[in-house]
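The values are calculated or read from the model by the stated rules, or taken from the named source; none is laboratory data. In this text, all values refer to a predicted model and were calculated from it rather than measured experimentally. Reconstructed Cβ throughout: ideal geometry from the backbone, glycine too, with neighbour counts over all protein chains shown.
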Amino acid sequence: MQPTALRTYCLQDYTTITSGASVTSIKQSGDEWLELTGARDVIFYLHAVDGTTSSIQTVTLETSPTADDELFAALTSVALPAATSSYGRVYQQICRAQYAAQPPASFLRWNVSTNAGGAWNLTFRIFVSINFIRPDFSVIRGGQEIMSVP
């Protein structure tokens with residue numbers, strides 16, 4: 001079966017995450033995850049606009065077959081060095097199911113983490129382009145269907 005054309009969705013519109021020294025990881029809220037049926041390949045676009053940190057920040061795209069937090073695994077990630085040159089750029093990661101250690105599953109979310117203590121913040125947005133293997137795919141966010149092809 002031939003895959004359908006790539007379709008692009010906003011996983012996260014512009015947002016700023018601010019954290020104190022004791023928090024090293026922040027995950028996307030469950031009502032903002034994308035729920036997919038029939039997804040095969042994913043291209044992840046991270047637009048890192050601004051940030052402050054003294055350490056590396058990592059933005060990870062995670063996937064899971066269910067909405068259970070403990071089942072999410074890294075699909076791909078981008079490490080942003082602790083330098084102002086990291087911001088104002090668009091980072092792209094391609095995750096092809098046939099080569100991925102973890103192929104795309106039913107749910108997609110982001111997770112931002114840092115490797116050291118200290119206050120930090122990051123302003124970013126994320127788009128994902130998805131190659132669906134099934135002609136009858138759907139994309140759901142927060143229980144609302146945002147795309148469906150019967």
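For the stretch 74-123, filtered to residues that are among the aromatic types (Phe, Trp, Tyr) and not in a loop (DSSP other than H, G, I, E, B), the residue that is nearest to residue 7 (Cα to Cα) is 107.
So that you can scan it fast, the table gives a plain yes or no per residue for (1) in contact with a Cys (Cβ under 9 Å, 6 or more places away or on another chain); (2) closer than 22 Å to residue 55 by Cβ; (3) among the β-branched types (Val, Ile, Thr); (4) surrounded by 18 or more Cβ atoms within 10 Å (Cβ to Cβ):
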site	(1), (2), (3), (4)
97	no, no, no, no
103	yes, no, no, no
107	no, no, no, yes
119	no, yes, no, no
131	no, no, no, yes
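Each residue in the stretch 71-87 was checked for being more than 18 Å from residue 99 (Cβ to Cβ), in contact (Cβ under 8 Å) with a residue 12 or more places away in the chain and surrounded by fewer than 19 Cβ atoms within 10 Å (Cβ to Cβ), and 4 pass. Per the listing 37, 63, 84, the residue uniquely modelled with pLDDT of 90 or more, out of contact with any His (no Cβ under 9 Å at 6 or more places or on another chain) and not small (Gly, Ala, Ser) is 63. No other residue among 146, 126 is in a strand (DSSP E or B) and either among the charged types (D, E, K, R) or buried (at least 17 other Cβ atoms within 10 Å of the Cβ) (or both) apart from 126.
One residue alone among 87, 91 is within 23 Å of residue 17 (Cβ to Cβ), touching a Gly at 6+ places or on another chain (Cβ under 7 Å) and hydroxyl-bearing (Ser, Thr, Tyr), and that residue is 87. Can you tell me which residue in the stretch 133-143 is surrounded by the most Cβ atoms within 10 Å (Cβ to Cβ), limited to those that are of a type outside the set (A, V, I, L, M) and not in a strand (DSSP E or B)? If we take residues in the stretch 133-143 being of a type outside the set (A, V, I, L, M) and not in a strand (DSSP E or B), then 137 is surrounded by the most Cβ atoms within 10 Å (Cβ to Cβ).
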